[in-house]
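The values are calculated or read from the model by the stated rules, or taken from the named source; none is laboratory data. All of these numbers come straight from a predicted model, not from anything done at the bench. Positions of Cβ are backbone-derived with ideal geometry, glycine not excepted, and every protein chain shown enters the neighbour counts. Quick note on the areas: whole protein, heavy atoms, side chains included, nothing else; ligands and nucleic acids left out. Shrake-Rupley method; radii C 1.70, N 1.55, O 1.52, S 1.80 Å.
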Amino acid sequence: MSYFMSSEVLLGEKLLEILYILMGLILIYTGIKNLFDKSNSHRYGTGYFWCALGIVIAGGRFMPSMISGILIFSMTIPAILKKVSKGQSKLPSKEYMQEMSDKLGMKIFVPALSIGVFAIIFALFTKLGALVGVGVGVLVAILILMLYSKNNKPTTFLDDAADMLGTVGPLSMLPMLLASLGAVFTSAGVGTVISSAVGTIVPQGNVVLGIIIYAFGMMLFTIIMGNAFAAITVMTVGIGAPFVLAYGANPALIGMLALTCGYCGTLLTPMAANFNVVPVAMLEMKDKYGVIKNQWFIAIFMFVFQVVYMILFK
């Protein structure tokens, strides 16, 4: 049994490698497409940015870390100089999209739903992991869309991907960099520094005050970093473990709700690009903080509720 389980884990790792390579190739395609797009006023900077990112994602685990670091650093230069822009769009007309929407009806949601379904199946019933399930779900969604219409060819999905990446721009790499930042902070001992500072404020054994500071730290650190997963390691080492868990609080309950407090910070920050910046770009909203303004009340309400719940049922 253990042999089959280990084989399944190895298979999952290999499938992830394949998915990363495919993602990288799509990014490289986006870069080459923009490089030869004469309508793009910044085609050289745009082409280099996407090609460099694609090489790192596709081959980063096979290249020396120094090479990957140089590529990541160099690709930020055209982004900082605002030399990365969206090229010519190949999206279908609004009339065609409306026609297909009327034709498909509720079936239009099936491809998107399949991604979530396969992620859950792979997470619960295999050792391959949810991320592999997402990749398989995307491939299934593509096949479904190709069955819906003969116009949906492989190049259609590549062009759609390039168009979406062009709309989001360099912000697409922000979540990856912020997630890495959490590991850097942990290795640098930021959690220990925070623990020393909090120790001068929180009386020994005051779990309620420890929970409140832990929750606020999770929310604020997530607002700064844009990633609750990056924040929870630092905050748990610095506050959660020494001031809450060390005094007998339920680790499962505290850890779960502390992470959710971080998610409340996600709703309040432009640093969480996937949630609060990408929708603004894709929906062409006039107010760049429009998403956050519609979320702040829910975020604060849920934060207060979770803090009270932790205090009552710790």
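Here are some notes:
- Residues of the stretch 149-172 that are over 27 Å from Tyr48 (Cα atoms) and either crowded, with 16+ Cβ neighbours inside 10 Å or acidic (Asp, Glu) (or both): Asn152 alone.
- Residues that are part of a helix (DSSP H, G or I), open to solvent by 70 Å² or more (accessible area, probe 1.4 Å), over 21 Å from Leu22 (Cα atoms) and of a type in the set (Phe, Trp, Tyr) do occur in the stretch 105-121.
- Wholly enclosed helices (runs of 4 or more DSSP H) of the stretch 230-309 bearing at least 3 residues in contact with a Cys (Cβ under 6 Å, 6 or more places away or on another chain), over 19 Å from Leu181 (Cβ atoms) and at pLDDT below 90: none
- Candidate set: the stretch 122-137, residues that are open to solvent by 40 Å² or more (accessible area, probe 1.4 Å), assigned to a helix (DSSP H, G or I) and touching a helix residue (DSSP H, G or I) at 6+ places or on another chain (Cβ under 6 Å); chosen: the one farthest from Leu22 (Cα to Cα): Ala123
- Any hit, the stretch 270-293, residues being farther than 27 Å from Lys86 by Cβ and open to solvent by 40 Å² or more (accessible area, probe 1.4 Å): no
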